[in-house]
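The values are calculated or read from the model by the stated rules, or taken from the named source; none is laboratory data. A quick note: this is a predicted structure, and the numbers were derived from the prediction, not measured. Cβ placement follows ideal geometry from the backbone for every residue including glycine, while neighbour counts extend to all protein chains displayed.
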Amino acid sequence: MIQGFKEFIMRGNVIELAVAVVIGAAFTAVVNAIVKGIFNPLVAAIFNSESLAKAMVIGLPGGAELSFGLVLAAAINFLLVAAVVYFVFVMPLNHLKHAQERRRLAGAPTAAEVAAPATELELLSEIRDLLAAGATLDRGPKHTL
C-alpha cells in the first residue's frame with residue numbers, strides 16, 4: 001500500500017500538477033492586482049461611482065435592492081482578467097513559440113544542437129568514412145631532398 005502511494009506521488013504528472021497549482025496561485029495575485037489596480041478604477045470612473053458594484057442599484061419596497069452593477073462588475077472583471085491573461089501572457093508566449101518553430105524549420109540549429117559537441121565515436125566514424133572514400137589529409141607542403 002505504501003509502495004503504491006509512493007509510485008503515485010513520484011509520477012511526473014502529479015508533480016507537474018502541484019507546480020501548476022502553486023504557480024497558478026501566484027499568477028492569480030498578479031492578474032487580480034492588474035485588474036483591481038488599473039482597470040476597475042477606470043470602469044468605475046466611467047460610471048461615476050466609487051465602484052461599479054455600487055453603481056446601478058435599484059431599491060425595492062421592503063429595503064431589498066437589485067444590484068445590476070454587481071453583476072456587470074463580475075462580468076467585466078471576468079473579461080478583463082481573460083484579456084490580461086491573453087494579451088500579457090498567452091500572446092507573447094505563443095509569439096516566442098512560433099518564432100522558435102520558424103527558426104527550427106528554416107534549418108537554424110537549435111540550442112541543443114549547438115551545445116552538443118561531437119562525441120569521440122562520431123569523430124572517429126567521420127574519419128573512417130573519409131578514409132574509405134579515398135580522401136587524403138592535407139599535411140602542408142612536402143619537402144624533398
Residue 45 being surrounded by 12 or more Cβ atoms within 10 Å (Cβ to Cβ), modelled with pLDDT under 80 and either in a strand (DSSP E or B) or among the small types (Gly, Ala, Ser) (or both): no
Tally the residues that are modelled with pLDDT under 85, within 52 Å of the chain's Cα centre (by Cα) and of a type in the set (D, E, K, R), restricting the search to the range 123-144. 1
Total residues in the range 92-122, condition at pLDDT below 80 and in a loop (DSSP other than H, G, I, E, B): 7
Does at least one position in the range 60-81 carry a residue that is outside any helix (DSSP H, G or I), at pLDDT below 75 and not hydroxyl-bearing (Ser, Thr, Tyr)? no
